[in-house]
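What follows draws every value from the coordinates through simple rules; no lab data is involved. Computed from a predicted model, the values in this text were never measured in an experiment. Quick reminder, even Gly has a Cβ in these numbers, built from the backbone with ideal geometry, and neighbours come from all protein chains shown.
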Amino acid sequence: MAAASSSTRSAARPAGGRGPSAADVLGRVTLVTGKEEFLGERTVVAVRAAVRAHDPEAELADSPAADLTLATLGEMSAASLFSSTRCVVVRALEHLPEESVAGLLAYAADPVEDVALVLVHGGGAKGSGVLAKLRKLPAVTEVKSAEMRASEYPSFVAAEVRSHGARIDQEAASVLVQAVGQDLRSLAAAAHQLTNDFLGENLTVEKVKQYFGGRAEAKSFAVADAAFSGHTRAALEELRWALDNGVASVLVTSAFAGSARGLARLRSARGRGEADLAREVGVPPWKLRTLRDQLRGWDDDGLARAIRAVARADADIKGAASDPSYTLERLVLTITGLRTQR
């Protein structure tokens, strides 16, 4: 295989650009890094699609890194009776056994010509030494799937819409994020639905609200906004409506975490103009106005306690709490109680 320069590309705009070709992935290693699982999985799917487009009979293999040995890697990358072309996906690279590191690095330095190897690392410090060595190899291409800032979600929506041959106003994209929340799978599905129903049209605020406007006030962000504004009754009503209509509990804690981070950043921000301040805080201008109103009722100690409360609730939810609704109600009461103490 001819040597090629190691490169890095971002998966933050996975929808709008052309997918990889077989030449981009066969005989190479695609290194997927970052905590945003949705974007990372899109890269895996795109590599597989490129390999199958090149060879419909190509074989696919998938393995957790914890089970990877030099022998199993050799088996997965070897030609079979049916096809010499293969796509091998190794997930959770951070759990690669120490005794398998040298073998993997040796393979990545000289990949098999008809094999596309995809290594998926979930982010974090574990396994960073292996990542550093992989990044230096000419045959490795890194695709980053970092978590998005709040201000980037409308741009993600716009890219999704463009990928389906339509356009969306910036304000309409923000309204869609408000209505659906910050779950990328849900946003991608919503963008796909809208573009299917308004083929080739410009998606305006009115068209977004036609589908999602009635739900916006009861989504997870509305629960968090009411709670951080100190409106206990409103927050509990929004929470009950949201849960009764299928909003995932983890999206509610995510919205609370976003609000807490936004308030903390705003409190320490030094920007003067609204646009500069919004960029520094990491929110769109419309959200900045909401945060300013909320911040009047918070000081540093209250925010610190609120962030800890959100982290506890999030851990309880992700730890399969026996009653997620109780956990979220307790979180609402804790946050509104902290604010009214100010």
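Residue-normalised convex hull volume from the C-alpha trace of segment 33-105: 88 Å³ per residue.
Only helices enter this figure: runs of n ≥ 4 DSSP H residues, each worth -39500 (n - 2.57), summed and divided by the residues of the chain, yield -18000 deg cm²/dmol at 222 nm to the nearest 500.
Under the convention that each Lys and Arg Cβ holds +1 and each Asp and Glu Cβ holds -1, the size of the dipole of the chain around its Cα centre is about 1260 debye.
Dipole magnitude for segment 82-154: about 180 debye, using +1 per Lys or Arg Cβ and -1 per Asp or Glu Cβ, origin at the Cα centre. Please name which of Ala23, Gly103, Thr232 has its Cα lying farthest along the dipole of the chain towards the positive end, using unit charges on Cβ (Lys, Arg +1; Asp, Glu -1) and the Cα centre as origin. Final value for the positive-end residue is Thr232.
Phi-derived couplings, Karplus 6.51 cos²θ - 1.76 cosθ + 1.60 at θ = phi - 60°, listed residue by residue for segment 302-316: x, 5, 4, 5, 5, 4, 5, 5, 5, 4, 5, 5, 5, 5, 5 Hz, with x used for Gly and Pro.
With the highest mean first, a sort of the peptides 122-129, 237-244 on other beta-carbon atoms found within 10 angstrom per residue produces 237-244, 122-129. Note: relative contact order over the chain, using C-alpha pairs below 8 Å and six or more positions apart, is 16 percent. Simple point charges give the picture: +1 on the Cβ of Lys and Arg, -1 on the Cβ of Asp and Glu, and for segment 146-228 a dipole about the Cα centre of about 100 debye. Separation of segment 243-310 from segment 160-186 is 21 Å, based on Cα centroids. Candidates [x] 33, 29, 22; [y] 42, 24, 19; [z] 34, 24, 18; which is the computed semi-axes √(5λ) of the Cα gyration tensor in Å? Entry [y].
Among Thr72, Thr232, Thr43, the largest mean-square fluctuation in a Gaussian network model of the chain (Cα springs under 10 Å) belongs to Thr72.
In this structure the amide hydrogen of Glu142, modeled in the peptide plane, comes within under 5 Å of the amide hydrogens of Ser7, Thr8, Arg9, Leu31, none closer than 5 places in sequence on its chain. Dimensions of segment 119-246 from C-alpha coordinates, computed as largest minus smallest value along each principal axis and given longest first, are 54, 41, 22 Å. Dipole of segment 101-230 computed with +1 at Lys/Arg Cβ and -1 at Asp/Glu Cβ about the Cα centre; of Val177, Ala132, Phe212, farthest Cα towards the positive end is Ala132.
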